[in-house]
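Nothing in this text is a laboratory measurement; each read-out follows from the coordinates by a stated rule. Predicted model only: the values in this text are computed from it and were never measured. Every residue, glycine among them, receives a Cβ derived from its backbone with ideal geometry; neighbour counts consider all protein chains shown.
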Amino acid sequence: MKHTLVAKVSDQPGVLNRVASLFRRRAFNIESLTVGGSETSDVSRMTIVVDTAKAPAHLVAANLRKLIPVVEVTDVTHLPTVDRDLALIRVGCAPAERAELASLVDIFRGRIVDVAQDSVIVEVTGDLEKVNGLLELLRPRGILEMVRTGKVAMVRGTVTNGNGKTAQQAQDATLGRL
Amino acid sequence: MQRTGAQIIWESLLREGVDTVFGYPGGAILPAYDALLDYPIRHVLVRHEQGAAHMADGYARASGKVGVAVATSGPGATNLTTGIATAMLDSIPTVFITGQVPSKVLGTDAFQETDVTGITLPITKHNYLVTDAHELPHVMREAFLIARSGRPGPVLVDICKDAQQQKVEFEWPETVRLPGLHEPAPPAEDDLRRAIELIEKAERPLILAGAGVIRSGSSTVLQEFAEKTGTPVALTLLGIGGFPQSHPLCLGMMGMHGEAFVNRAIQRADLLLAFGMRFDDRVTGNLKTYAPTAKKIHVEIDASEIGKNVKVDAALVSDLRAALVALTPRVPALRHDDWLAEIGDGQKETRGRDIIHQPDGGRLLAAHVIHDLWEATGGSAVVVTDVGQHQMWEAQYYKHDQPRTLITSGGLGTMGFALPAAIGAKMARPQAEVWVVAGDGGFQMTQCELATLQQEKLDIKIAVINNGFLGMVRQWQEFFYDRRYASTPMLSPDFVTLASAYGIRAHRVNRRADVIPTVDQARKFEGPVFIEFQVEQEDSVYPMVPAGSDLGAMIRRPAEAPAEVER
């Protein structure tokens with residue numbers, strides 16, 4: 001299955017290389033990896049989606065924690081999270097079809113952000129399923145180019161996970177146990 | 001106070017308690033060497049940087065302190081890598097300092113430039129590239145902290161030449177902020193309770209003691225635990241010395257060349273207590289059939305080892321000593337007489353086949369040499385081995401009672417380790433009697449360090465077990481490649497002449513009767529002595545679990561006829 005790990009890492013040269021090298025060396029399978037800023041100026045945040053068919057998620061997390069620039073790793077797979085993926089999609093589109101395309105994109109709360117003679121760029125943000133859904137609908141029109149950021153995730157604040165535990169308690173339970 | 005980057009290196013080492021470093025100068029590290037003359041630090045000039053790395057490693061293994069090696073950029077640094085990887089695989093606290101080309105020309109393929117932090121990334125616990133002397137005090141402080149903490153390991157600091165020359169205000173940071181360095185937590189209460197429950201229920205428990213026993217200084221507490229719970233102890237190769245082999249509960253080494261009764265006990269046990277060991281493939285054999293009836297408790301400081309190879313029923317992620325101190329008072333006093341009797345029967349059967357009790361037929365057998373060396377030294381020497389057959393015979397026949405008396409490359413299996421590691425060990429413990437035990441193959445890989453030994457005037461005794469083959473490889477060819485001896489017969493120099501050329505007293509022994517007298521004579525002499533033991537050429541290490549086979553399926557030493565496979 002796929003697990004989502006959130007890692008806070010010191011913002012220093014080579015840290016992405018260290019993480020990538022670890023995944024290569026241990027043959028852990030990365031589905032997606034995003035890096036960007038966090039609430040702290042010298043800390044970056046990585047959202048890593050791993051395929052755990054070969055190595056269990058706790059082993060991937062434990063190996064990540066061994067890297068010195070990695071400050072904290074949380075497996076958020078079983079926690080209530082907000083997940084987002086952003087895609088830019090260039091779709092073939094004659095001028096006459098623009099209005100129809102715009103309304104389709106609108107259903108997905110996407111936007112047309114660039115218009116050319118025979119194509120447009122669609123921007124859409126959402127969880128993986130929503131972005132995949134729009135892609136399926138656009139595919140027949142001809143997807144000329146596409147880029148996705150990969151998933152970023154954040155644990156929800158005050159909600160419980162359905163077992164009466166707060167997100168923090170559920171997280172402690174996931175991390176503390178094997 | 002104002003200091004150059006070069007001076008800060010040595011200022012930092014002094015503050016970390018380092019008095020000896022092993023190294024080799026060169027262009028990019030010259031500023032550091034120039035500054036070294038003004039500091040009270042002994043520099044051991046090696047003959048090859050690999051030797052420097054193994055010396056730092058041997059120094060650390062013998063003393064528990066951090067070993068330090070220094071090299072220049074490019075080839076100097078790449079020559080260190082075998083030694084760095086050796087220290088990584090066996091978790092040895094070491095710091096490697098390398099010179100780098102000036103920061104202005106980094107990335108331009110300048111003379112003797114290599115991406116050293118890139119090359120050593122997967123074989124270090126952490127590494128640094130320093131381009132500005134302002135960073136150096138923190139980096140040096142962190143390097144030692146990281147090397148020592150948790151599961152120890154090598155840290156490399158690559159320092160640009162201009163950073164060494166740069167003059168900055170120097171202040172030693174008493175504390176550093178390393179939020180990513182997680183100090184081991186005490187064992188969790190839930191886990192302790194689960195472990196105690198398993199220990200109370202077990203009828204056939206067995207302790208598997210690894211290197212962690214020695215690293216954490218747990219020998220005494222382990223003995224208390226084993227005695228209180230009546231639990232026998234099997235050792236990994238790197239665990240040897242962690243529990244006295246003369247102790248009635250000590251079974252000796254497990255795994256590929258462990259005694260048959262030890263491996264059988266693992267396969268029969270209903271509880272394995274894995275203490276500071278990592279279920280290496282040389283210890284487990286086929287994982288699918290490993291210890292099928294046993295519950296497993298894993299006490300391990302590195303969380304990433306839990307469940308890596310073997311699924312466990314309870315895990316204490318903590319310092320082993322802390323775990324044993326917490327466990328021992330809470331477990332009841334137990335006896336397992338039937339279990340010990342069963343193991344004892346196996347032990348008797350094994351003894352019957354032991355080569356020690358077999359006639360040598362006039363041949364000199366390597367196992368006999370090791371056994372006699374053990375007798376002659378009263379089992380109290382620090383033995384530093386190379387890798388191969390002699391290493392396994394040492395593990396089987398030299399009975400160690402004290403921690404840090406067997407120094408050997410386990411995880412990486414680095415040939416050429418023995419002589420330089422012994423130099424490091426002797427410098428760490430000048431009072432100890434240090435013996436190199438090496439094969440003719442491995443010894444030739446780093447024999448240039450004989451010059452270093454002489455230059456430093458070290459009293460190290462060297463036993464080269466010469467069988468004219470790369471013995472362990474030959475053994476595999478005999479067992480698994482139809483005796484096709486591809487590139488394993490090996491020509492060696494006249495070792496006695498070779499040692500003499502370095503000004504080292506040397507003897508050749510080819511009869512059993514001469515072993516103990518020659519060893520005695522060497523021990524009486526103050527200074528290095530080299531003994532070449534010309535042993536039986538095609539002898540094999542028994543028993544042997546073929547790689548990947550069930551632990552219970554081993555090739556045993558034939559009584560007289562060819563080897564049989566027991567299933």
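Results, tabulated for the structure shown:
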{"item": "Net charge of Cβ neighbours under 9 Å - reference residue B:536; Lys, Arg +1; Asp, Glu -1", "result": "-2"}
{"item": "Cα point-scatterer Debye curve for the range B:413-567, base-10 log of I(q)/I(0) at q = 0.11, 0.13, 0.19 Å⁻¹", "result": "-0.52, -0.70, -1.15"}
{"item": "Total formal charge among the other residues, if their Cβ is under 12 angstrom from that of residue B:419, Lys/Arg +1 and Asp/Glu -1", "result": "+1"}
{"item": "C-alpha long axis of helix B:418-428 to longest principal axis of chain B, angle in °", "result": "70 degrees"}
{"item": "Cross-link partners of residue B:104 among lysines (Cα-Cα below 26 Å; sequence separation of 8 or more within a chain)", "result": "B:161, B:167"}
{"item": "Footprinting exposure proxy for B:55, B:256 (fewest neighbouring C-beta atoms within 10 Å first)", "result": "B:256, B:55"}
{"item": "Cα centroid separation - the range A:35-94 against the range A:3-31, whole Å", "result": "9 Å"}
{"item": "Label-point separation in nm, residue A:109 to residue B:402, each point 7 Å along Cα→Cβ", "result": "7.2 nm"}
{"item": "Backbone N under 20 Å from the residue B:167 label point (7 Å along Cα→Cβ), restricted to the range B:23-56", "result": "B:30-39"}
{"item": "Neighbour cut-off at most 14 other Cβ (10 Å), DSSP loop, trypsin sites (Lys or Arg not before Pro), the range A:1-41", "result": "none"}
{"item": "Folded to 0 to 90 degrees: helix B:136-148 orientation relative to chain B principal axis, Cα", "result": "0 degrees"}
{"item": "In range of the label at residue B:106: residues from the range A:3-19 whose backbone nitrogen is under 17 Å from the point 7 Å along Cα→Cβ", "result": "A:11-18"}
{"item": "Environment charge at residue A:62 (Cβ cut-off 10 Å; Lys +1, Arg +1, Asp -1, Glu -1)", "result": "+1"}
{"item": "Spatially near lysine pairs across chain A, Cα under 27 Å, sequence gap of 8 or more or different chains", "result": "15"}
{"item": "Length added when fully stretched, residue B:338-residue B:356, from 0.36 nm per residue minus Cα-Cα", "result": "3.7 nm"}
{"item": "5 angstrom amide H check on residue B:97, placed H, neighbours 5+ away", "result": "B:69, B:70, B:71, B:157"}
{"item": "Inter-part distance where the range B:257-307 and the range B:229-255 are each reduced to a Cα centre, Å", "result": "13 Å"}
{"item": "Pairwise label distance in nanometres, residue B:538 with residue A:143, each label 7 Å out on the Cα-Cβ vector", "result": "6.6 nm"}
{"item": "Amide hydrogen neighbours beyond the local backbone of residue B:505, cut-off 5 Å, H modeled", "result": "B:530"}
{"item": "Cα gyration tensor category, rounded, prolate or oblate, for chain B with a/c compared to 1.5", "result": "oblate"}
{"item": "Ranked B:308, B:228, A:151, criterion: other C-beta atoms within 10 Å, fewest first", "result": "B:228, B:308, A:151"}
{"item": "Rg over Rh [alpha-carbon atoms, Kirkwood Rh] for the range B:156-222", "result": "1.26"}
{"item": "Reach of residue B:296 by Cα under 14 Å, taken over aspartates and glutamates that are not fewer than 8 positions away in the same chain", "result": "B:191, B:197, B:200, B:203, B:270, B:305, B:313"}
{"item": "Modelled FRET efficiency - R0 51 Å, residue B:485 with residue A:16, Cβ distances, 0.05 increments", "result": "0.60"}
{"item": "C-alpha long axis of helix B:366-376 to longest principal axis of chain B, angle in °", "result": "80 degrees"}
{"item": "Gap separating the Cα centres of the range B:3-33 and the range B:425-457, nearest whole Å", "result": "24 Å"}
{"item": "Global form of the range B:89-143, assessed from the alpha-carbon gyration tensor, a/c cut-off 1.5", "result": "oblate"}
{"item": "Per-residue Cβ neighbour rank within 10 angstrom, fewest leading, A:64, B:287", "result": "B:287, A:64"}
{"item": "Residue-averaged beta-carbon neighbours from other chains (10 angstrom radius) around B:124-131", "result": "2"}
{"item": "Under 21 Å from the Cα of residue B:65 - lysines, other chains or at least 8 residues apart", "result": "B:125, B:426"}
{"item": "Theoretical gain in end-to-end length, residue B:523 to residue B:270 [0.36 nm per residue, Cα-Cα removed]", "result": "86.5 nm"}
